[in-house]
Amino acid sequence: MDKRKRKGRIESLIGKIFILSLLLVMIVNLILPDKETSDEENRVLQSAPGISLTSVMTGDFMEQWESYLSDQFAGRNIWRGLKVSLDRLGGSRMENGVYIGKDGQLLEDIALPDEEQYSANIEAVKNFAQTYSDIPVTVMLVPDAASILSGSLPAFASVEDQRQMFSMVQRGLGDSVNWVDAYSVLNSHKTEKLYYKTDLHWTTQAAFYVFREAAAGLGIEGDVSDDYVSYTVTDSFNGVLASKSGVGLNEKESIEIYAPASGDDDVVVNYVDEAKKTSSLYDSSKLETRDKYAVFLGGNTSVMDIRTVSPSGKRLLVVKDSFANCFIPFLTPHYREIVVVDPRYYSGTMRDIMDAYRITDTLILYSGNTFFTDNHISGVFSGE
């Protein structure tokens with residue numbers, strides 16, 4: 001009897017502590033101001049949603065409200081870290097869509113192409129190349145880390161065959177474009193550091209290997225192997241996959257930039273929509289933030305107009321995602337002007353760009369995952 005009473009008192013005490021803890025967290029949540037961003041996860045947090053009859057009826061309000069409570073929950077990072085630790089103890093090798101590979105290599109899963117979106121993207125690019133048939137169009141799809149570094153995937157993990165998916169794109173585009181086989185180039189160097197351990201992007205060294213392969217197709221003459229020198233700009237980079245998964249948050253990596261060996265790297269960079277100009281392709285202030293990869297071009301923006309001191313009269317249009325950011329500096333010695341468009345942030349069309357700038361060449365550069373899932377690509381090319 002005494003044991004039952006003692007057990008009941010313990011259970012009652014635990015229940016009271018639990019309720020008091022919840023009340024304390026609720027009070028703290030009410031007192032503390034909402035956070036706009038999470039440095040640990042490198043993303044914008046959900047703000048308190050506005051309420052309307054329509055949002056309630058459609059269920060949007062409750063969905064946003066749940067996200068708001070989850071994002072703004074007091075001590076969220078502590079609980080998140082505890083969950084990751086427990087998952088790892090339980091043998092989990094994936095966190096929030098990120099594989100935890102060998103030697104701590106983090107790898108984003110390979111996205112399955114949306115058939116409708118894939119077809120729309122292919123058709124839009126093909127129509128663009130045919131409409132501007134006098135302008136060479138080069139397409140470069142960069143394989144994601146899980147494809148090239150498949151040997152680093154955890155045991156029994158399997159991903160989609162991105163090489164086969166790229167071949168499908170190449171066949172779909174046919175002879176309308178110049179195709180760069182980035183997959184074969186990177187696969188031949190896969191024992192080197194081609195991708196960051198904690199981030200989804202390729203390294204600048206990997207981008208340089210592909211640039212050497214692509215140079216001739218872009219009309220760049222001669223061997224470019226010795227035309228650039230590399231510099232380390234930080235040794236404390238921790239990327240978005242660490243933020244997303246909660247794994248490897250203490251891992252520190254270096255970021256390198258490649259500059260023309262000749263020193264002729266003077267540029268004027270015009271961020272068109274922001275009405276801002278700079279004299280560098282690099283934003284060193286980003287090295288003081290968590291998103292250090294944004295040192296390249298200052299991050300992503302809608303339209304960027306880069307004027308160079310190149311003697312070339314060519315003007316290049318680059319349509320891209322963030323994988324192009326560390327690639328574009330290789331191009332500045334070879335083009336008088338480079339117009340960079342990121343369809344994820346651009347509300348106009350390619351026709352608008354072609355009308356505004358005297359483009360002579362076009363480069364479409366995307367990571368595989370973005371190209372197969374981004375619904376903005378077909379829109380900017382088709383004008384829809």
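Give me the Debye-computed log₁₀ of I(q)/I(0) at q = 0.13, 0.22, 0.27 Å⁻¹ for the stretch 242-314, equal point scatterers on Cα only, no solvent, two decimals. These q points yield log10 I(q)/I(0) values of -0.52, -1.08, -1.32. My understanding is that a pair violates if its Cα-Cα distance is over 25 Å; which of Lys126/Lys320; Lys286/Lys314; Lys252/Lys320; Lys286/Lys320 do that in this structure? In this structure, Lys286/Lys314; Lys252/Lys320 lie more than 25 Å apart at Cα.
What chymotrypsin sites (Phe, Trp or Tyr not before Pro) in the stretch 254-357 are in a loop by DSSP, with at most 13 other Cβ atoms within 10 Å of the Cβ? Intermediate results must be reported in sequence, preceding the final value.
Values: sites: Tyr258, Tyr271, Tyr282, Tyr293, Phe296, Phe323, Phe327, Phe330, Tyr335, Tyr345, Tyr346, Tyr357; in loops: Phe327, Tyr335, Tyr345, Tyr346, Tyr357.
Answer in residue order: Tyr345.
Dividing the alpha-carbon radius of gyration of the stretch 199-293 by the rule-of-thumb value 2.2 N^0.38 Å gives 1.29.
By the scheme Lys and Arg +1, Asp and Glu -1, what is the net charge of all other residues having a beta-carbon under 13 Å from that of Val272?
-3
I want to verify the translational diffusion coefficient of the stretch 113-382 in µm²/s; compute it with Stokes-Einstein, Rh as the Kirkwood radius over Cα pairs, at 4 °C and 1.567 mPa s. Answer, rounded: 68 µm²/s. Its convex hull of Cα atoms gives the stretch 282-384 a direction-averaged projected area, equal to a quarter of the hull surface, of 6.8 nm².
A cut-off under 10 angstrom between Cβ atoms defines the neighbours of Ser302, and their net charge, with Lys, Arg +1 and Asp, Glu -1, is -2. Over all other residues within a Cβ to Cβ distance under 12 Å of Tyr345, the charged ones net out to -3, with Lys and Arg as +1 and Asp and Glu as -1.
Bear in mind that the values in this text are calculations on the coordinates, not laboratory data. This one's a predicted model, so the numbers in the text were calculated from it and none came from an experiment. Every residue, glycine as well, gets a Cβ built from its backbone with ideal geometry; the counts of neighbours run over all protein chains shown.
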